[in-house]
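Here the structure comes first, spelled out in structure tokens, and everything after it is commentary.
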Amino acid sequence: MVGVDVAVGLVVGVSLGCVSGLTPGVHANAFALLLAGVAPSMPGSPLAVGVAVLGAGVTHSFVDVVPAISLGVPDAAMAATALPGHRLVLAGRGREALRVSALGSLGACAFALVAAWPVTEAMRVLVPVLNAHLSVVLVVATLALAATERSWRHRAAAVAVAALAGGFGALALDVEVSGPLGESVLAAIFGGLFGAPVLLDALDGDGVPPQGDAALRGSPVALAGAALAGTAGGGAVGYLPGVSSGVAAVLALAVVPGDAGDRGYLATVSGVNTANAIFAVFALVAFGTPRTGVLVAFDDIGAPLVLPVLVAAVVVAGVTGALVVVTVGDRYLAVVGAADQRTVVALALLALALAAWTFAGVVGCCLFAVATVVGLAPVRLGVKRVHLMSVLTLPIALG
């Protein structure tokens with residue numbers, strides 16, 4: 001029987017995940033590193049601590065959509081180049097966007113639980129082959145991602161962005177750093193590439209406009225297809241190192257129904273993140289190798305791999321996260337909408353810079369600044385931001 005300490009650990013982990021997910025600037029990988037640092041000193045059995053870490057990571061992956069669509073809303077004139085969630089907010093559909101994300105995650109959770117074991121068995125055969133040719137797989141994924149752009153000029157720009165990000169990653173990932181709470185450049189890199197540029201583009205915006213009702217206007221069939229595509233993408237990410245959720249989500253969009261639009265994108269991305277968490281647990285049990293930052297923290301604790309307990313923790317954390325998204329999220333949008341946009345952006349940028357300093361010190365702040373410059377390139381060239389994920393994939397491919 002599972003002990004009371006395991007249940008308490010799950011409650012603590014889910015609570016931490018809610019707090020971190022709602023905090024601007026806290027990237028999932030940075031949060032995982034923080035968990036890895038404090039987990040050994042947490043009371044309770046190794047399984048209880050491991051469940052707390054897993055529950056926190058899964059909940060964070062659900063809840064972080066709230067600040068993601070609430071902060072950095074650009075001027076309405078920039079809506080065509082804005083992130084899909086921001087476009088829905090600008091159209092007054094932010095509350096609906098939160099529910100689309102929650103449903104995409106929950107749908108992927110159900111699909112992944114059904115598919116996880118047979119997929120894992122298939123991956124026992126495929127993973128050794130894929131790992132033996134990992135460099136080719138990652139380069140092909142990068143080029144396939146560029147091919148999703150709308151013209152040859154944009155495809156060339158996407159390759160240039162990928163090369164720029166990959167070159168930056170090759171230099172930055174090997175830099176020795178030391179911060180008050182860790183020794184990792186990931187918070188600085190991801191905060192600069194994906195957080196700061198969005199916020200800087202929003203400096204002249206009007207913030208969150210009045211939001212309409214929460215009714216879902218998207219096609220249920222299209223959203224279900226998006227969640228299923230996200231599940232497939234999450235499966236690939238869960239077993240292969242170096243391929244991010246963002247890359248998998250964009251590639252998965254190729255099979256999403258065309259009428260899904262921005263709602264389909266949100267459901268797919270959310271589905272990828274959730275499915276990734278589930279498939280990665282099965283991958284850890286099957287191969288003994290953690291594939292996500294959260295499971296690296298879990299592995300460092302030496303927690304036992306009790307699959308039924310871990311899957312139950314993922315489900316409980318996921319359902320809780322979805323409930324938080326559709327309850328706290330509405331209030332979050334209202335509070336941000338009532339605040340001064342420049343103040344909100346400035347505080348969010350400060351949070352990103354502090355996160356970089358916390359894990360990498362002064363050097364981390366310098367890397368954050370350089371990453372911000374690199375992160376401004378995609379929108380200026382009219383291509384997707386996800387090409388910046390080459391910051392990880394290309395160094396792995398070339399290494």
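The values are calculated or read from the model by the stated rules, or taken from the named source; none is laboratory data. What you are looking at is a predicted structure, and each value in this text was computed from that prediction instead of being measured. Using ideal geometry, Cβ is built from the backbone for each residue, glycine included, and neighbour counts are taken over all protein chains shown. Side chains included, ligands, DNA and RNA excluded: accessible areas come from the protein's heavy atoms. Shrake-Rupley method; radii C 1.70, N 1.55, O 1.52, S 1.80 Å.
Take the stretch 17-63 and flag every residue that is modelled with pLDDT of 85 or more and outside any helix (DSSP H, G or I).
Within the stretch 17-63, just LEU22 meets the criteria.
What residue, among those in the stretch 1-16 that are within 19 Å of the chain's Cα centre (by Cα) and buried (at least 23 other Cβ atoms within 10 Å of the Cβ), is modelled with the highest pLDDT?
VAL14
Could you figure out which of (1) out of contact with any Phe, Trp or Tyr (no Cβ under 6 Å at 6 or more places or on another chain); (2) within 23 Å of GLY85 (Cβ to Cβ) isn't true of ALA147?
With respect to (1) out of contact with any Phe, Trp or Tyr (no Cβ under 6 Å at 6 or more places or on another chain); (2) within 23 Å of GLY85 (Cβ to Cβ), ALA147 is out only on (2).
Within the stretch 299-328, restricting attention to residues that are more than 14 Å from HIS60 (Cβ to Cβ) and surrounded by 22 or more Cβ atoms within 10 Å (Cβ to Cβ), which residue is modelled with the lowest pLDDT?
Restricting to residues being more than 14 Å from HIS60 (Cβ to Cβ) and surrounded by 22 or more Cβ atoms within 10 Å (Cβ to Cβ), the top hit is ALA303.
(1) modelled with pLDDT under 85; (2) in contact with a Lys or Arg (Cβ under 8 Å, 6 or more places away or on another chain): which one isn't true of SER219, the others all being true?
SER219 satisfies every listed condition except (2).
Need at least 1 residues that are more than 30 Å from ALA346 (Cβ to Cβ) and open to solvent by 40 Å² or more (accessible area, probe 1.4 Å) per element, so show me which helices (runs of 4 or more DSSP H) inside the stretch 108-224 make the cut, counting only ones lying wholly within it.
134-147, 152-172
Tell me which of these ARG153 doesn't satisfy, since it passes every other one: (1) touching a Gly at 6+ places or on another chain (Cβ under 9 Å); (2) touching a residue at least 60 places away in the same chain (Cβ under 8 Å).
Condition (2) is where ARG153 drops out.
If you scan the stretch 345-366, which residues turn out to be touching a Cys at 6+ places or on another chain (Cβ under 8 Å) and open to solvent by 60 Å² or more (accessible area, probe 1.4 Å)?
Listed by number, the list holds a single entry, TRP357.
Let's see how each residue does on (1) basic (Lys, Arg); (2) at pLDDT below 65; (3) closer than 13 Å to GLY104 by Cβ:
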site: ALA226; (1), (2), (3): no, no, yes
site: GLY233; (1), (2), (3): no, no, yes
site: GLY242; (1), (2), (3): no, yes, no
site: VAL256; (1), (2), (3): no, yes, yes
site: GLY261; (1), (2), (3): no, no, no
site: VAL272; (1), (2), (3): no, no, yes
site: PHE282; (1), (2), (3): no, no, no
